[in-house]
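Taking it in order: structure first as structure tokens, then the write-up.
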Amino acid sequence: MKLFLRHILLFGVLFFVVEKGLYFFIQNAPQKEHDKRLELILEGKMKKDIVIIGSSRGANNISAKQLEDETGMSCYNLSYRGSSVVFHEFILKTLILHNNKPKKVLLVIDNGYQFLKNHSLHFRFDRLFPLKNYSYINDKLIENNKKSYISNFLYSVKINREDFSLKPKRVYEVNVMTSHGSKLLSGKNNEKLDYKSEIKSYDINDEELHKLNSFKAIQEMCSKNDINLYFVFTPGLMSFDNDFLTRFKELVNADEKIIVYDTLNKRYKEKNIYRDHTHMFSNGAEIFTSEISEFINSNK
Amino acid sequence: MYFNSLDFALFLPIVFILYWFITNKNLKLQNALLVVASYVFYGWWDWRFLSLIVFSSLVDYTIGFQLNQTAQPSKRKLLLWTSILVNLGFLGFFKYYNFFVDSFVDAFSFFGSPIQPNTLDIILPVGISFYTFQTLSYTIDVYKRKLEPTRDIVSFLAFVSFFPQLVAGPIERATHLLPQFYKKRQFHYSQAVDGCRQILWGFFKKVVIADNCAEYANQIFNNSAEHSGSTLLMGALFFTFQIYGDFSGYSDIAIGTSRLFGFDLKQNFAFPYFSRDIAEFWRRWHISLSTWFRDYLYIPLGGSQGGTWMKVRNTFIIFLVSGFWHGANWTFIIWGFLNALYFLPLLLAKRNRTHLNVVAQDSKLPSITELVQMGLTFGLTVIAWVFFRSESVTHAVTYLKGLFSSSLLSLPTIRPTNLLVLILLFIGIEWIGRRQHYAIEVLLLKQSRVIRWAFYMIIIAIIFVFSSDTQQEFIYFQF
């Protein structure tokens, strides 16, 4: 028995020491990423007056650089494709925790889907995995059962399969980022793209409580930290969902502002500014960003 | 509690220390510890269902005792049927009630008389199919006077609930496992190390092979209409390795854990995918269940003693019941039926016991004939697994239609290179170790400790690295 226990212990200690060699791959993981925004946040390098938070509608439809030029306030886009409001809450919380508070937050709303169960909007854990060497991130992964508690002690538990590749990650065209975090799209529109006039009626019973809670948490965070919160509805080649807006207004506090694109502007009905029904090319983003700048300048 | 959880990683050493250091001087105390540990292990999942195990154990303990007290055949038969009805009653209620109600509703609707279903929201207690068969084997053996009933209730409770094999087998016979609780266990270094090795290999099969195959099998099966024939083939292959890695991995962990406590459990899988025909496959797949059905159903039905018709009938009964045992769904029954069909030509040609030895027993590689035989058997098994995995019979038929379409020759859209390399590595190691109880039983044993330990460390590192983001349940927990 003694021999068995001695061998088990020795084996365990040796494994503990040897597996530390995996640190090389873990610390190398962030360098392979094209999108370094979360790392900048964690490093406390995101000192901006205005931040844009949202899903791909925020990333593609708003130019942070243009907004900065037009408002005279420093600006950065922290919108992530396919991200849900729960992820947006995480981004804002992390930003406030590690950086100077922004003055204004533009929260881009996924009109009609923001609080519903929607398989295309997730908590973007894939953005967290390369940064697991930050204990703050690893704790978040553990909290969400994406990593085991043992990852605090063993690198072999902390590491991911992709970490073994030393090549920089491949970047798809839609994910190429500008210097201010926006992902402005270029290219030809789809000829078959048509104006969508039918909108599915909004059912409040389909809303998910945890998404509503995250939304509320964002409001509270902004209120507590004296941040002006703006909700942004970006244009789409479709009818505007008024049902959702009515519901949304019930959730908004008096000091918060809603920016809805100019629904009477005919340019928003031209299909050549759209890549698809909800994402605009850079020429469309330029028009819409000007609208936001105007709104911010008039509310300074 | 799952084997692949942090809870179990803490539970096992605690029980191990209490077992060998605190209670080792007193056999009764040691058995009592195993009962408590087993109930904690089971109750971790849902403590309410502990009452079922306790009740089932007490019923069979009492009946076994009563069987010994009476020589009157009618009374003995009554006692036996009481045990069968109580045990199968629980199983039938929890596992099959809704299936029967739904099937009746469908049948009446088909004949134009729709009726309102009255199904219940029933949770299936984990492992009920396994411990029910284990405890039934005790009563039947006592009835047949193959086994003396036990007077030691603690040993009996420990036999029914022994935590390593409680929820997914191997289904142990009372004649084999129960006497091990009567004798004082000795700690043997070689047995414990062997147990650790088998646990390690079990985790590799479960975490690396099964869980990673599950990711792609689910992706393909859940959207089967969207995939080409070649991708559907990949999906079927991934599930084939998933179910093997999952279930045989569990068995390896169970057997290895038992060895740490000085117990010997029966081998449950013997490299079934290297079988040369379906009969051999069924001698190598889920051995404890196949032999249970052979001894307690096939032989009492007359086995192969009667004429051809009786043999065929009994074979179909065994396979259909085996399919039904896996779950209350027509897919499992069709899966059983399909296997019976595969078996039939061998039975009729009296070739069902042709391959009793290990493939390529005396050589490193199989012959061309063996390779073709293994390929054919494997292919038939893969087709049957499609029924096992599908949501419904219609889904399985559509899946197979899609698989055998012209797009079977196209390049699959889902082909994870890392996983395919791992599966090939896995098949290689299994092939090398096919003469043993588990693949790495003697692998590298002649090498120096440095090499052996380095190999085990690499296996552990691969297990950690390849472990999926989320913990996957063992498939056989649902049975």
I want to verify a result. In a Gaussian network model of chain A, Cα cutoff 10 Å, which of these has the top mean-square fluctuation: A:247, A:124, A:275?
A:247
Can you compute the FRET efficiency between residue A:125 and residue B:218 using 1/(1 + (r/R0)^6), with r the Cβ-Cβ distance and R0 = 25 Å? Round to the nearest 0.05.
0.90
So for region B:151-212, using the alpha carbon gyration tensor with a ≥ b ≥ c as root eigenvalues (a/c under 1.5 gives rounded; past that, a/b versus b/c decides prolate or oblate), I'd call it oblate
Tell me which of A:133, A:87, A:225 sits at the most positive position along the dipole axis of chain A, charges placed on C-beta atoms (Lys, Arg +1; Asp, Glu -1).
A:133
Rounded to the nearest 0.05, FRET efficiency between residue B:427 and residue A:276 (Cβ-Cβ, R0 60 Å) equals 0.85
If the label point sits 7 Å along Cα→Cβ of residue B:321, residues of region B:74-91 with amide N under 19 Å come out as B:77-91
Along the positive direction of the dipole of the protein assembly as shown (beta-carbon charges: Lys, Arg +1; Asp, Glu -1; about the Cα centre), which of B:16, B:436, A:265 reaches farthest?
B:436
Region A:210-245 scanned against label point 7 Å out from residue A:269 along Cα→C-beta; backbone N under 17 Å for A:235-242
Determine which lysines satisfy two conditions relative to residue A:101: a Cα distance under 22 Å, and not lying fewer than 8 residues away in the same chain.
A:36, A:45, A:47, A:48, A:65, A:93, A:140, A:216, A:224, A:257, A:300
For region A:206-246, just say rounded, prolate or oblate: build the C-alpha gyration tensor, square-root its eigenvalues into a ≥ b ≥ c, call rounded for a/c under 1.5, and beyond that prolate if a/b exceeds b/c, oblate if not.
oblate
How much solvent-accessible surface does residue A:197 expose, in Å² to the nearest 10, with a 1.4 Å probe and all protein chains in place?
80 Å²
Under unit Cβ charges (Lys, Arg +1; Asp, Glu -1), what dipole magnitude, rounded to 20 debye, does region A:34-149 have relative to its Cα centre?
200 debye
Neighbour-limited loop hits for GluC sites (Glu not before Pro), region A:55-118 (at most 14 other Cβ within 10 Å; DSSP other than H, G, I, E, B):
none
Loop only by DSSP, 14 or fewer other Cβ within 10 Å of the Cβ. Give me the trypsin sites (Lys or Arg not before Pro) in region B:438-469 that pass, ordered by residue number.
B:446
Could you work out the relative contact order of chain A, using alpha carbon pairs under 8 angstrom and six or more residues apart, expressed as a whole percent?
26 percent
Just want the answer: with Cβ charges of +1 for Lys and Arg and -1 for Asp and Glu, which residue in B:83, B:39, B:131 is farthest toward the dipole's positive end in region B:6-184?
B:83
Starting from the Cα gyration tensor of region B:178-280, take the square roots of the eigenvalues, sort them a ≥ b ≥ c, and report rounded, prolate or oblate (rounded when a/c is under 1.5, otherwise prolate if a/b is larger than b/c, else oblate).
prolate
Cα Rg, Dmax (largest Cα-Cα span) when computed across the protein assembly as shown, Å
31.3, 101
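The values are calculated or read from the model by the stated rules, or taken from the named source; none is laboratory data. All figures in this text were calculated on a predicted structure; none of them were measured in a lab. Here Cβ is always computed from backbone atoms with ideal geometry, including for glycine, and neighbour counts include all displayed protein chains. Protein only, heavy atoms only, side chains kept; ligands, DNA and RNA dropped before computing areas. Shrake-Rupley method; radii C 1.70, N 1.55, O 1.52, S 1.80 Å.
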